[in-house]
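For reference, the structure is listed below as structure tokens.
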Amino acid sequence: MRILILSINYWPEVTGIGAFTTYRAEYLAAAGHEVEVCTTFPYYPEWKVPKAYAGSLVSSEERNGVRIFRSYAYIPSRVTAVRRILHEASFIASSLIRAVARRKPHVLLVVSPPLGLALPAIVLSRMWRIPYVFDVEDLQPDSAADLGMLPSWAVKLLYRLESAAYRNAGLVTTLTPAMKRKIVDKGIAKEMVALVEPRMDDSLAGLSSDEGDAFRRRFQIGDKFLVTYSGNMGVKQGLDVVVDTAALSRSDDSILFLLVGSGADRHRIESRVSQLGLRNVRFLPLLDEPDFRGLIAASDICLVTQQRSVSEVAFPSKIVTYLAAGRPIIASVNPDSEVARVALESGAGRVAAAEDAEAMRAAIQELRKTDLRTLGENGRSYAANRWAPDRVLSQLEASLSTVAASRLRRLPPEGALP
């Protein structure tokens, strides 16, 4: 099967959609399929293109059996709603041009966000007379409405585009049961929406205490009780709650809050920490794989945070990472969210109300009195049962194969795939 993937994020990005799309593409290639990816140059979460890619309009490369075709996208130095629209629009246009030049695939896999990738998906689907699978990683219109990021007319336009994306797709896939229900509630037939959950990185199950000890020595953490956040530092992550919790805990010299990563809101968060004179908060940039493993192994508690207004179905990939690694978690999120449900269902930690520093501080104090090892083992077992790589990735492969085959049967003979 020839598969063409459209995704704005891809390797060497290590967080979010880029990581999701990369491991899926490489799994499909390893399974014997011919896989190509149309993407842009790496930029996330720093919102900066690395020197190795800077200044290029297009490039081509191959990694682990996947052919990668990159095209230009405008990358703003400061992210605003308008600039983000321009960023996404520029990639939508360039990816369509790049994709048209590729060999006709049997099926398209289109990763959203950006939701606007539905436009090239529909064009290519009709031009090539092939189906596309629309993979929903985030319900972008709902997020925009929740966060008040766009005027009402723009949100209405997004909802219309979302409806067109779903109606024209051969199948819609998404990450969690809650997201699936939300899509079905938008009027899409239940049989047209499939669950393809994230996969756990089973190499994290083998983390050793030696890796954690080495990390602590390298970054001079000593024996501090380490509470960490790792990943994108954007607005919707609501990281002020970590700063406020650190401020409430400033008299406790035994605890350290470590914020690792980058993003549009990192500079503001760092400024707040400096203004408050907090000595119990440290920042690190995105880490390479050995240091990231060390970070997770060294962490006593890992944090998942979201603004109160973030949609209850949003599901950051970091919770899968933390549970797979056997780390206790505190989820500072909407209590009705999928993240909160997983945190409680897994038995791996606690839920604190979003943007409530007192609640986060109380949860940390409570966990310090419990058996953290047992919580971690609960999380690892839950991850292995729910997100085993072979199971979830084979579901993706089966979905793509079914969609390609079903469309084939409906095409007239002259539309048969080569």
For this session: Kindly indicate whether any position in region 76-84 is out of contact with any Phe, Trp or Tyr (no Cβ under 9 Å at 6 or more places or on another chain), farther than 21 Å from residue 289 by Cα and polar (S, T, N, Q).
Result: yes
Exercise. If you check residue 214 against the conditions, is it small (Gly, Ala, Ser), in the same structural domain as residue 132 (by TED's automatic domain parsing) and touching a helix residue (DSSP H, G or I) at 6+ places or on another chain (Cβ under 7 Å)?
Worked result: no
For this session: For region 61-172, please list each of the strands (runs of 3 or more DSSP E) lying entirely inside it that holds at least 2 residues being farther than 24 Å from residue 314 by Cβ.
Result: 66-71, 107-112
For this session: Determine which member of the set 81, 73, 54, 89 is buried (at least 16 other Cβ atoms within 10 Å of the Cβ) and in the same structural domain as residue 397 (by TED's automatic domain parsing).
Result: 73
For this session: Considering (1) surrounded by fewer than 22 Cβ atoms within 10 Å (Cβ to Cβ); (2) in contact (Cβ under 8 Å) with a residue 40 or more places away in the chain; (3) of a type outside the set (S, T, N, Q), say which one residue 267 fails and leave the rest.
Result: (2)
Problem set entry | Of residues in region 227-249 being within 13 Å of residue 282 (Cα to Cα) and touching a Lys or Arg at 6+ places or on another chain (Cβ under 8 Å), the one surrounded by the most Cβ atoms within 10 Å (Cβ to Cβ) | 230
For this session: Examine region 42-55 for a residue that is part of a strand (DSSP E or B) and touching a helix residue (DSSP H, G or I) at 6+ places or on another chain (Cβ under 8 Å), and state whether such a residue exists.
Result: no
Problem set entry | Flag if residue 181 is of a type in the set (Lys, Arg), under 30 Å from residue 380 (Cα atoms), in a helix (DSSP H, G or I) and under 22 Å from the mean Cα position of the chain (by Cα) | yes
Exercise. Looking at this structure, is residue 59 more than 26 Å from residue 285 (Cβ to Cβ) and touching a Phe, Trp or Tyr at 6+ places or on another chain (Cβ under 8 Å)?
Worked result: no
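The values are calculated or read from the model by the stated rules, or taken from the named source; none is laboratory data. Every value quoted in this text rests on a predicted model; they were computed, and no experiment measured them. Counting neighbours? That spans all protein chains shown, and the Cβs are built from the backbone with ideal geometry, glycine included.
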